[in-house]
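The values are calculated or read from the model by the stated rules, or taken from the named source; none is laboratory data. Since the structure is predicted, the reported quantities are computational estimates derived from the model, not experimental observations. We place every Cβ from the backbone using ideal geometry, glycine too, and count neighbours over all the protein chains shown.
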Amino acid sequence: MEAGKTKVISLRLERELYKELEKQAQKRGESISQYLREILYSYHYPTKEILSRLEENKYKLDYSIDNAQEYFENLMKYSEGLNKSLEDFKRKIEGGAIQFPLKEREVQGER
C-alpha cells in the first residue's frame, strides 16, 4: 500500500458489534481502525498469498544477509592481513632493516 493511496470510509454498526470490535482491538493494543483494517486485509487477501509473500521476502532478506556476511568476512580478512603487514613493516623500520634512499631534493635540502 503506497502512502497517499488510501481512502477513508465510514460505516454504521450495531452497538453490540462495535463494543465487541472495540474489546478485541484493546486486547491487541490497537485502535479500532487498525483492527478493522487488519480484518479486511485478512479477508480480502488470501492467507496463502500472504504467507507466500512473507516467505519470499524472508528468502530475499536471508540471501542479502548471507551475501553481506560473506563480503564483511572478506573485508575483515583483508583488514587483518593489512594490519599484519603494517606491524611487520613498522618492526623492520624500527629495527633499521629497511632504509629508503632519500630523494635528491631531501639530500640537498628543499629549495
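A few points about this structure:
- Check on residue 13, of a type outside the set (Val, Ile, Thr), outside any helix (DSSP H, G or I) and surrounded by 11 or more Cβ atoms within 10 Å (Cβ to Cβ): yes
- Subset of the range 73-99 [modelled with pLDDT under 65 and surrounded by fewer than 10 Cβ atoms within 10 Å (Cβ to Cβ)]: 99
- Hits in the range 16-38 - residues which are of a type outside the set (S, T, N, Q) and either exposed (fewer than 12 other Cβ atoms within 10 Å of the Cβ) or farther than 24 Å from residue 50 by Cβ (or both): 16, 17, 18, 19, 20, 22, 23, 27, 28, 29
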